[in-house]
1. What is the dipole size for the chain, taken about its Cα centre, with +1 at each Lys and Arg Cβ and -1 at each Asp and Glu Cβ, in debye to the nearest 20?
2. Rounded to the nearest 5, what % of the DSSP beta bridges within segment 62-165 are antiparallel ones?
3. Any idea how far apart Thr163 and Asp198 come out in nm if each label point goes 7 Å out from Cα toward Cβ?
4. Could you give me the ³J(HN,Hα) list for segment 149-160, computed from phi with Karplus coefficients 6.51, -1.76, 1.60 and θ = phi - 60°, whole Hz, x at Gly and Pro?
5. If you filter segment 93-163 for trypsin sites (Lys or Arg not before Pro), then keep DSSP loop positions with at most 12 other Cβ within 10 Å, what is left?
6. Can you tell me the order of 52-58, 100-106, 123-129, 168-174 when each peptide is scored by its average per-residue count of other Cβ atoms within 10 angstrom, highest first?
7. Which of Leu189, Leu107 comes first, and how do the rest follow, when ranked by fewest Cβ neighbours within 10 Å?
8. Where is the GNM fluctuation largest for the chain (alpha-carbon springs, 10 angstrom cutoff): Asp49, Asp38, Asp85?
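What follows draws every value from the coordinates through simple rules; no lab data is involved. All of these numbers come straight from a predicted model, not from anything done at the bench. FYI the Cβ positions are ideal-geometry reconstructions off the backbone, even for glycines, and counts take in every protein chain you see.
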Amino acid sequence: MNADVLIDFTSPHLALPHIEQYCQWGIPAVVGTTGWYDSLTTVQTWVQDYKASILYAPNFSIGVAVTSRIVELAANLMNQLPAYDGYVHEYHHRMKVDSPSGTAIHLANKVLEGLDRKSHLTTETQHHAIDTNALHVSSTRTGHIFGEHTIGFDSPYDHLSITHESKTRDSFAFGALRAAEWLIGRQGLFTLNDLLEDWL
């Protein structure tokens with residue numbers, strides 16, 4: 001195949017065979033398909049063996065990537081303030097197939113990494129008092145919402161929230177194209193965070 005770079009937004013069951021093929025071809029690939037991250041070690045091996053270039057992300061909105069960095073910083077600060085309890089809530093259109101979204105799980109893991117007092121995620125509706133060590137991740141599916149993610153920290157004194165709202169699906173295309181431009185000429189397994197680090 002003759003291409004400078006490939007962009008893949010397909011289906012989870014196709015992701016791994018596609019990624020292996022891209023590595024064998026030696027063509028840089030931007031992968032927006034999720035559902036394969038439990039095979040990350042396998043992909044790392046392919047990238048090393050074939051000296052390939054793969055950049056993956058659960059969401060290619062540059063705004064989400066920046067939000068992720070902000071959440072990471074906020075969680076580390078809130079770790080010193082035990083009065084604040086964290087949560088993640090997301091909204092998407094009613095046809096979205098996964099709940100919570102891959103982006104919500106990604107952002108929740110950033111909070112989890114920063115807060116020593118949280119040990120695991122608890123998703124969706126809770127029908128009893130929530131475990132104090134759990135970070136609650138919840139979802140709403142309605143209408144035609146492109147995607148909205150709120151990460152909050154609540155205390156008896158005040159409430160802090162960080163929200164990213166997608167206005168159009170064009171934001172994902174814009175981010176994927178910027179990632180593709182950045183990936184050409186590089187070798188390794190990357191995320192959007194690597195792109196942001198380079199910009200900084």
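1. Taking the Cα centre of the chain as origin, the dipole is about 280 debye.
2. Here the antiparallel bridges make up roughly 60 percent for segment 62-165.
3. 3.3
4. Along segment 149-160, the couplings run 10, 10, 10, x, 9, 10, 9, x, 9, 6, 9, 10 Hz.
5. Arg94
6. 52-58, 100-106, 168-174, 123-129
7. Leu189, Leu107
8. Result for the chain, Cα springs under 10 Å: Asp38 fluctuates most.
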